[in-house]
Amino acid sequence: MLYAILCYNDEEIVGAWSKDYDDHIMARLDVVHRKLAREGRFTGAARLLPTTAATSLRKGDQEPLVLDGPFVETKEQLLGFYVVDCADLDQALETARDLAEANPGVGGYEVRPVAMFVPGSGLS
Amino acid sequence: MTDLAWIDTALTSARPQALGALLRYFRDLDAAEEAFQNACLRALKSWRQNGPPRDPTAWLILVGRNAGLDHVRRQAKQEPLPDEAEVSDLGDAEDALADRLDGAHYRDDILRLLFTCCHPDLPATQQIALALRIVSGLSVKQIARAFVVGEAAMEQRITRAKARIAKAGVAFETPGAVERSERLGAVAAMIYLVFNEGYSAGPGEAEARAPLCDEAIRLGRLLLRLFQAEPEIMGLTALMLLQHARAAARFDAEGQVILMDEQDRALWNPSMIAEGLALIDKAMRHRQVGPYQVQAAIAALHARAATPQDVDWPQIDLLYASLERLQPSPVITLNRAVAVSKSRGPEVALAMIEPLEPRLSGYFHFFGLKGALLRDLDRLAEAREAFTRAIALANTAAEAAHIRMHLDHLGGDGANPPGQAAPRH
């Protein structure tokens with residue numbers, strides 16, 4: 001069974017980490033990643049840019065609405081995610097629109113650039 | 001991270017919001033600062049014992065407000081302070097306040113706090129010092145170090161700035177849409193001043209002043225969270241990120257300036273660049289052009305180029321042309337001429353800057369560029385004259401040394417390095 005583990009923290013506090021502290025934490029996480037990779041259980045990890053870099057697409061009766069900022073949940077829950085390679089934000093939003101068209105109704109998508117991606121196959 | 005470091009960071013990040021709310025409550029900057037200070041002292045004690053509260057900002061506002069009221073009461077009746085446990089035991093009150101905290105209200109609180117620091121009567125240096133003291137919470141000692149002045153002088157500068165603001169009064173009514181957008185513009189300009197104070201530092205001061213760049217970026221992100229759909233705030237934050245991303249590559253070991261073309265791009269900070277590019281992408285979707293966005297777009301073209309040869313100079317030329325329309329200034333035309341020399345040749349660029357000479361006759365970068373263009377056109381005697389004038393106008397030893405190097409090259413075998421004089425490096 002694949003499990004997604006979603007990481008939560010206060011982005012202002014993480015953003016204020018010194019480079020040394022950030023490097024220190026990343027090195028510690030890398031140990032965990034490598035252990036998972038050795039066990040053949042690592043499929044990838046992503047560190048996202050802050051929510052200020054997010055754009056959202058809200059679905060509804062009309063054409064999906066593009067809004068600046070993170071997706072504000074009112075009654076929705078996080079049900080899935082994609083990691084897609086895009087030339088720019090327009091292409092990422094185009095992709096989200098395709099998804100919305102395939103799956104119309106309520107809810108929406110938050111499009112957030114990935115700051116760092118550790119592919120599962122990249123570690124051994 | 002130790003407990004203490006965590007609390008310190010949490011207090012810093014809660015500061016603008018908490019202090020802004022306390023300012024609205026007490027309508028007096030000194031009273032608000034004192035109340036916040038009090039709340040921080042109690043947080044140090046209480047959070048270490050009981051762990052962090054669910055909403056640190058709401059906690060600080062509530063405790064700060066109570067502390068401030070205690071102070072008022074104490075002054076009136078000389079009553080003893082209530083028991084510490086009583087004040088720390090917030091329980092339901094904190095939850096209730098957190099529930100009532102509405103983004104829109106907070107937004108104006110923070111904007112008001114920032115806006116108090118950019119009063120038009122205050123000279124730029126005082127605006128910056130005040131913002132760093134009040135909004136960022138840097139100590140007078142830290143600010144004095146960044147400005148390379150004595151602590152007493154900085155203390156005096158801040159006190160004077162505060163007195164001026166107190167005299168002018170702070171507008172407490174909720175701003176209308178037009179006023180809010182004007183305030184936002186003034187605050188953006190002030191944040192960019194803070195950034196440039198850090199960015200324009202020479203190599204000797206760069207380390208002491210780099211925190212100013214970080215602080216300005218933090219304030220930019222803060223504004224962005226409050227005003228999510230403002231393309232100029234996205235542009236400002238992107239611009240600062242893209243410029244600061246080059247920090248590690250801008251000076252060599254001897255402290256000499258390294259121009260962008262010669263910088264080691266491996267030293268550029270990739271995550272700052274990624275964030276800057278993402279923000280400029282977001283801003284462009286709004287199709288509301290503005291000076292910060294255009295400058296960020298120029299910085300983005302440099303950041304996107306894998307090597308100096310890959311830089312899209314014709315596009316940079318176009319972007320500077322639109323910046324000239326938005327903010328006509330001879331310095332912008334001078335910058336545009338650098339792009340023009342790369343895309344259309346030195347002759348066109350020289351024709352573009354020659355009319356600027358009367359207005360830029362005291363400007364180092366003008367003669368630096370003029371000399372480089374004349375050299376590229378093989379008009380060596382005139383180039384030498386322009387370089388000599390540039391040296392006389394140099395602002396730093398590093399600038400002078402750079403031009404002297406060009407002069408030395410002129411005397412040599414005529415192997416010309418490409419034209420270079422952009423003030424931004």
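Listing for the model above:
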| quantity | calculated |
| --- | --- |
| 3J(HN,Hα) from dihedral phi, the stretch B:371-376, Karplus parametrisation 6.51/-1.76/1.60, rounded to Hz, x for glycine, proline | x, 5, 5, 4, 4, 5 |
| Gaussian network model of chain B, springs between alpha carbon atoms under 10 Å - residue of B:Glu173, B:Glu262, B:Glu207 with greatest fluctuation | B:Glu173 |
| Cut-off under 5 Å, modelled amide H: who pairs with A:Gly44 long-range | A:Gly120 |
| Scattering curve values for the protein assembly as shown, log₁₀ I(q)/I(0), Debye with Cα scatterers, q = 0.06, 0.12, 0.13 Å⁻¹ | -0.36, -1.30, -1.44 |
| Computed P(r) (all Cα pairs; the stretch A:1-66; 5 Å bins; percent) | 3, 11, 16, 19, 15, 14, 10, 6, 4, 1 |
| Within chain B: Cβ-based charge dipole about Cα centre, in debye rounded to nearest 20 (Lys, Arg +1; Asp, Glu -1) | 660 debye |
| Using θ = phi - 60° and Karplus 6.51 cos²θ - 1.76 cosθ + 1.60, couplings along the stretch B:332-340 (whole Hz; Gly, Pro as x) | 5, 4, 4, 5, 4, 4, 4, 5, 5 |
| For chain A: relative contact order, % (alpha-carbon pairs under 8 angstrom, 6 or more apart) | 36 percent |
| Modelled FRET efficiency - R0 22 Å, A:Tyr8 with A:Glu73, Cβ distances, 0.05 increments | 0.95 |
| Residue-normalised accessible area of chain B, given per residue in Å² at a 1.4 Å probe | 45 Å² |
| Along principal axes, Cα extents of the stretch B:181-306, largest first, whole Å | 44, 30, 20 |
| Projected-area average for the stretch B:266-425 over all orientations - Cα convex hull basis, square nanometres | 10.0 nm² |
| Dimensionless Rg/Rh of chain A - Kirkwood Rh, Rg from C-alpha atoms | 1.01 |
| At 1.306 mPa s and 10 °C, Stokes diffusion of the stretch A:82-123 via Kirkwood alpha-carbon radius, µm² per second | 133 µm²/s |
| Gaussian network model of chain B, Cα within-10 Å springs - most flexible of B:Arg336, B:Arg133, B:Arg287 | B:Arg287 |
| Of B:Ala247, B:Leu223, B:Met272, farthest towards positive along the dipole that unit charges on Lys, Arg, Asp, Glu beta carbons give the stretch B:186-273 | B:Leu223 |
| Portion, in percent, of the accessible area of the stretch B:257-410 that falls on carbon or sulfur, probe 1.4 Å | 54 percent |
| Alpha-carbon Debye profile of the stretch B:218-273, log10 I(q)/I(0) at 0.15, 0.20, 0.25 Å⁻¹ | -0.52, -0.73, -0.91 |
| Chains A and B together, accessible area buried on both sides, 1.4 angstrom probe, square angstrom | 1900 Å² |
| Net charge over other residues, Cβ less than 9 angstrom from the Cβ of A:Leu57 (K, R count +1; D, E count -1) | +2 |
| Separation of alpha-carbon centers, the stretch B:275-329 and the stretch B:13-71, rounded to whole Å | 41 Å |
| Per residue, the convex hull volume that the Cα atoms of the stretch B:26-73 enclose (Å³) | 62 Å³ |
| Choice from B:Gly368, B:Gly64, B:Gly411 showing the highest fluctuation, given a GNM over chain B with Cα pairs closer than 10 Å | B:Gly411 |
| Approximate shape of chain B as ellipsoid semi-axes (Cα gyration tensor, √5λ), whole Å, largest first | 48, 21, 20 |
| Dipole of chain A [Lys/Arg +1, Asp/Glu -1 at C-beta], most positive-end residue of A:Pro50, A:Val72, A:Met1 | A:Met1 |
| Heavy atoms of A:Lys19 accessible to a 1.4 Å probe, total area in Å² rounded to 10 | 140 Å² |
| Residue-averaged [θ]222 nm for chain B, counting only DSSP H segments that reach four residues, each worth -39500 (n - 2.57) | -23500 deg cm²/dmol |
| Total formal charge among the other residues, if their Cβ is under 13 angstrom from that of A:Tyr21, Lys/Arg +1 and Asp/Glu -1 | -2 |
| Karplus-derived HN-Hα couplings along the stretch B:355-364 (A = 6.51, B = -1.76, C = 1.60, θ = phi - 60°), whole Hz, x at Gly and Pro | x, 7, 3, x, 7, 10, 5, x, 10, 3 |
| Cα pair distances exceeding 15 angstrom across the stretch B:279-332, given as percent | 49 percent |
| Per-residue SASA entry for B:Ile217, accessible area with 1.4 Å probe, Å² rounded to 10 | 10 Å² |
| Chain B: relative contact order as a whole-number percent, Cα under 8 Å and 6+ apart | 9 percent |
| 5 angstrom amide H check on B:Ile258, placed H, neighbours 5+ away | B:Phe251, B:Asp252 |
| Linear extension gain, B:Leu326 paired with B:Lys167, 0.36 nm per residue minus alpha-carbon span | 53.8 nm |
| 5 angstrom amide H check on A:Met116, placed H, neighbours 5+ away | A:Arg47 |
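The values are calculated or read from the model by the stated rules, or taken from the named source; none is laboratory data. As the structure is a computational prediction, the values presented were derived from the model and not from experiment. Neighbour counts run over all protein chains shown; Cβ positions are idealised from the backbone, glycine included. Ligands, DNA and RNA are stripped out before the accessible areas are found, and what is left, the full protein with its side chains, is counted by its heavy atoms. Shrake-Rupley method; radii C 1.70, N 1.55, O 1.52, S 1.80 Å.
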